[in-house]
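First the structure, in the form of structure tokens, and then the observations on it.
Please treat every number below as a calculation from the coordinates, not as lab data. None of the values given here were measured: they were computed from a predicted structure. Virtual Cβ from ideal backbone geometry, glycine too; neighbours counted across all protein chains shown.
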Amino acid sequence: MFIVFLDGSLCISTPIDPTFLVLPYLVSNGKDGKFKPLDQIVVDDEFPNCCYLLGSSRIAEVDSVTDTRSSGDIKVYRYNSEKGLKWLKKKVEAVAAHLQRTKEHVSQGSHAAVFVKSNKEAGTEAEHMAYACGIVSDYLDSDQAKELHIYLGIADEELIRKTTKIAEEPPAKKLKKENNSEPTEDYTLNNVLPKSAVTNKNGRLTRGQKVLSKVDKTGMKNIASFFSPKSSVKK
């Protein structure tokens, strides 16, 4: 879905698992080790509309990352780090499987794979996992992202996301640039048209030139006079 605002800006929204949006609140509230109802966990003065997340049809999936207790109609939650990492691992594996299925280029030089024909493979299973981990990490804060990389045994996310120099690809061709880009001729020096420009192939004046030859040129200045330097006025 996309919305165009009056100022011309464009807002594009894509489906997302609401657990990703609730996860930061669960982690923050789980530090004290207390069980709380979701409506007391998902609270944010800066984003008061976050309470609408609780009305999502998939909000029950937060059970996958929390310990829960129930008493009558009241259900309370506490974030479980081990459950959270297992849940994130499943998300990474799902993204990696999609990348392999669609044969996305995730190895070095993948940015040029769309434009340059290459004999490289789309990537190994480890490369797909590393790339997928980077994608999922974009939905996490820095601390959670580091924990996920350590849990999966993947190098630091910044090293994964950086693109190294493209190997085995043809170098980009550079356009030759002349040292002197200025005109080599001064077109204001000679104001007389060559004979070939005045006459046609048969050596005769064209109809337009004949009409111009009959115009009274009294008082007219030569066009070259507008480009010549002005002489200083002696006092």
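Peptides 71-78, 127-134 ranked from most to least packed by the mean count of surrounding Cβ atoms within 10 Å: 127-134, 71-78. Judged by the mean number of other Cβ atoms found within 10 Å, the most tightly packed of the peptides 49-58, 91-100 leads the ranking 91-100, 49-58.
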